[in-house]
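Down below is the structure, laid out as structure tokens.
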């Protein structure tokens with residue numbers, strides 16, 4: 001797929017992996033719109049990258065998503081790539097007091113429900129374009145779940161299943177479906193974790209490369225090795241991912 005001359009909407013694009021993806025696409029002469037909940041982060045992102053278009057949107061709000069869809073498709077008729085990047089992760093055991101229903105629902109709504117709804121909302125517009133794509137940012141934990149991230153892992157497994165089925169449904173259309181599997185990345189979400197972390201810029205670069213080569217499932221860094229080991233020894237893969245806790 002071409003990675004220049006596109007019009008791209010990225011959710012959760014004011015920081016972390018989302019902002020790095022936005023930066024990578026801007027460098028390739030694309031029109032890029034990002035959304036996020038934090039207006040200060042959005043303002044800072046636009047100050048750093050003046051060509052970036054920003055929009056405040058809480059992807060868990062149906063009203064916000066409908067507004068974003070109407071605004072983006074009316075102002076950017078050539079929109080042809082949707083990047084579902086927004087995500088949140090809480091680390092806890094389900095028997096602990098902090099496994100509150102509200103926290104569980106927030107992970108489900110942010111990581112999966114909003115992704116499915118936004119994809120459905122934008123697909124008719126994407127399908128009108130001669131070349132288009134949906135990019136879903138998943139996680140290695142969607143394949144090999146992490147012990148203290150049961151809900152997060154389950155939402156990412158849902159993203160993987162959703163991406164696989166969507167790819168089949170759109171096989172005869174102009175819309176490609178890519179799925180990105182980062183390992184632990186150096187973002188605010190992983191600030192308190194020890195160990196080696198990949199830079200979000202590296203992850204963004206791997207996404208661009210995968211899209212250029214029409215690689216529809218894109219594991220990055222240690223996720224590649226983890227997936228390979230999981231095919232041979234799921235128990236060993238489970239041990240590996242627990243070390244990332």
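Remarks
- Computed helical MRE - 222 nm, the chain, DSSP H runs ≥ 4 contributing -39500 (n - 2.57), nearest 500: -14000 deg cm²/dmol
- Stretching the chain fully between residue 199 and residue 62 yields a gain of 46.1 nm (0.36 nm per residue, less the alpha carbon separation).
- All Cα pairs of segment 1-51, percent lying beyond 16 Å: 31
- Principal axes of segment 59-183: Cα extent on each, largest first, Å: 49, 29, 21
- Both radii are taken from the alpha-carbon atoms of the chain; with Rh as the Kirkwood radius, Rg/Rh is 0.95.
- Unit Cα scatterers, Debye sum, segment 1-131: log10 I(q)/I(0) for q = 0.11, 0.12, 0.22 Å⁻¹: -0.40, -0.47, -1.33
- Label-point gap, in nm, between residue 103 and residue 233 - each point 7 angstrom along Cα→Cβ: 3.3
- Extension reserve of the residue 74-residue 93 stretch, reckoned as 0.36 nm per residue once the Cα distance is removed: 2.4 nm
- Of the peptides 46-54, 216-224, 79-87, 131-139, the order by per-residue mean of other Cβ atoms within 10 Å, starting with the highest, comes out as 79-87, 131-139, 216-224, 46-54.
- Packing-based ranking of 175-182, 89-96 yields 175-182, 89-96, ordered from highest to lowest mean Cβ neighbour count within 10 Å.
- One decimal place: the segment residue 116-residue 147 gains 8.6 nm when fully extended, by the rule 0.36 nm per residue minus the C-alpha distance.
Laboratory data are not the source of any read-out in this text; all were calculated from the coordinates shown. These figures come from a predicted structure and were not determined experimentally. Cβ coordinates were reconstructed from backbone atoms using ideal geometry, including for glycine residues, and neighbour counts include every protein chain displayed.
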